[in-house]
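Each remark here refers to the structure printed beneath this line.
The values are calculated or read from the model by the stated rules, or taken from the named source; none is laboratory data. Source: prediction; values computed, not measured. Reconstructed Cβ throughout: ideal geometry from the backbone, glycine too, with neighbour counts over all protein chains shown. Accessible surface is based on the protein model in full, side chains and every heavy atom, while ligands, DNA and RNA are left aside. Shrake-Rupley method; radii C 1.70, N 1.55, O 1.52, S 1.80 Å.
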Amino acid sequence: QLEKKLIEILGDDIGKQANYYIAENWISYENPEDKVNFYDFKNQNLKTSLTISSLFDADIYRKACNWIYENKSYFGDSILDIGCDNGIMTCFLARLFPDAQIIAIDRSANAIKVASEFAKKMDVKNISFICSDIKNLKLNQKFETVFSMRTMNENDSKYTEYPYFQDIEVQG
């Protein structure tokens, strides 16, 4: 049914390719490079990105947003969003915390482009988007909150040469 809905909304070629990435490759973990290719494909434009995200991840987004809303006191005024993808969660954070300053990073240039476009459509102005891998990010700033959703499974150590979070110090 996912493929049928993808084809209905995005057309035959894009819908079938999206289904291939999701159903055939994503879950199999056989080729980790396909995950990078998937994000570049998914974020080729805002419509494709939001369609795939809404069909594939709607329940995860809903649960995460509900949890964040119910636990607002855990979030500070400076937020780092690691792996922001198309900016859905980043924009939710920006709307929920309008006085917060948010830096959102993703290693996909297409994701940053789409997230910036989405933030503009959502009329949020308290986000700075940066195309970077976390290992290369050089910020002279401390964050009260570090947010990351669905990045651990994509950065499993069996597919990477370094542990992403080995030097992160957690306080509080």
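What's the number of the condition D99 fails, among (1) charged (D, E, K, R); (2) closer than 18 Å to S53 by Cβ; (3) modelled with pLDDT of 95 or more?
Of the numbered conditions (1) charged (D, E, K, R); (2) closer than 18 Å to S53 by Cβ; (3) modelled with pLDDT of 95 or more, the odd one out for D99 is (2).
Please note which helices (runs of 4 or more DSSP H) are completely contained in the stretch 30-143 and include at least 1 residues that are open to solvent by 20 Å² or more (accessible area, probe 1.4 Å), in contact (Cβ under 8 Å) with a residue 60 or more places away in the chain and touching a strand residue (DSSP E or B) at 6+ places or on another chain (Cβ under 9 Å).
Here the list reads 33-42, 109-121.
Of everything in the stretch 30-53, what is modelled with pLDDT of 90 or more and farther than 13 Å from Y20 by Cα? Give them in sequence order.
Within the stretch 30-53, N43, Q44, N45, L46, K47, T48, S49, L50, T51, S53 qualify.
So which residues in the stretch 40-96 are among the aromatic types (F, W, Y) and within 11 Å of the chain's Cα centre (by Cα), if there are any at all?
Once the filter is applied, which keeps residues that are among the aromatic types (F, W, Y) and within 11 Å of the chain's Cα centre (by Cα), the stretch 40-96 yields only Y61.
I68 fails exactly one of the following numbered conditions: (1) touching a Leu at 6+ places or on another chain (Cβ under 8 Å); (2) closer than 24 Å to A18 by Cα. What is the number of that condition?
For I68, the exception is condition (2).
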